[in-house]
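A.B. asks: Got a structure here, written out as structure tokens. Questions coming.
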Amino acid sequence: MTNKKNTLVDKAYKLGGNAKPLSYMLPTKNTRRYPLMHFDEAKGINRALRYASNQRSPFEDEQDGNAILSPIIFEDGMLTVPRQNQVLQQFLDVHPLKNLQFFEVNKEKDAEADLDVLELELDALVEARGLSSDMIDIVGRVLFGAKAANLKTKELRRDIIIEARTRPQDFLNVLNDKELKMFAVIQQFFDEGLLSLRKHGTEVFVNLPTNKTRLVTIQKGDDLISSVHNKLVSSQEGEDLLKLLEKASV
């Protein structure tokens, strides 16, 4: 049985971030100013690097005295190295700035990463689009604070969808937040008539067969759902009432 040799391929490299200068010269020789060292795990030593186009190794200790030093230049942030130039590929693979200042282009890996981002975006957009009017208000208060109160429903829905598209993971984290879920449950209590407002919306009353008492007074400037939430979770009495409301809820 014969061992298959590694297939030689052309490789491409790109500068990190959004850097795309017309030309960028990468350090190619170990010096005091620009130390280019690679730790050899097998030998347990640091080895100096040097790119010489007429040598077979990127390590200075394996080169002869006729090394021809060659520049490595990224143009428009990119560098393509053909499969015939193995010494340059090897040099770049062990270069200290790899994965810091420049990266090897891996189309399959990049596509996988892009796909993950797109699927996350899609999940967030689906969740945003499916929010009920009540949840739009609740999520809006969490995402935008007091600003949400000054927005009409369609404006708020638009801003929430934009938030889901631009920051999908943060948006999904908000939807999965326990407090937000509790806000939604409280809104459902109002929708089902288990809680009701009196005195021009300043007082919240319980509307259970065995309990018709006032739950909380809404102070000027306070948020209704937040005030009810704080009341229900701040004491044993409130937690007991919450259980009764949940049991009575459809």
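A.B. asks: Among the candidates 121, 127, 155, 112, which residue alone is within 28 Å of residue 74 (Cβ to Cβ) and in a helix (DSSP H, G or I)?
C.D. replies: Result: 112 is the single residue among 121, 127, 155, 112 that is within 28 Å of residue 74 (Cβ to Cβ) and in a helix (DSSP H, G or I).
A.B. asks: A further question on this structure: Name the pairs: first residue in region 61-75 and on the phi < 0 side of the Ramachandran plot, second residue assigned to a helix (DSSP H, G or I), Cβ to Cβ under 6 Å, at least 6 apart or on different chains?
C.D. replies: Filtered contacts from region 61-75: no entries.
A.B. asks: Spot the failing condition for residue 157; the list is (1) touching a Gly at 6+ places or on another chain (Cβ under 9 Å); (2) surrounded by fewer than 13 Cβ atoms within 10 Å (Cβ to Cβ), and only one is missed.
C.D. replies: Exception for residue 157: condition (2).
A.B. asks: Would you point out which residue out of 21, 35 is modelled with pLDDT under 95 and either at positive phi or touching a Phe, Trp or Tyr at 6+ places or on another chain (Cβ under 8 Å) (or both)?
C.D. replies: Criteria check complete, one pass: 21.
A.B. asks: In contact with an Asp or Glu (Cβ under 9 Å, 6 or more places away or on another chain), surrounded by 15 or more Cβ atoms within 10 Å (Cβ to Cβ) and under 29 Å from residue 29 (Cα atoms): which single residue out of 88, 151, 92 fits that description?
C.D. replies: After applying the criteria, what remains is 92.
A.B. asks: From the list 162, 218, 136, 186, exactly one residue is in the same structural domain as residue 121 (by TED's automatic domain parsing), among the aliphatic types (A, V, I, L, M) and surrounded by 17 or more Cβ atoms within 10 Å (Cβ to Cβ). Which is it?
C.D. replies: Result of the check over 162, 218, 136, 186: 136.
The values are calculated or read from the model by the stated rules, or taken from the named source; none is laboratory data. Note that the structure is a prediction, hence the values are computed from the model and not measured. FYI the Cβ positions are ideal-geometry reconstructions off the backbone, even for glycines, and counts take in every protein chain you see.
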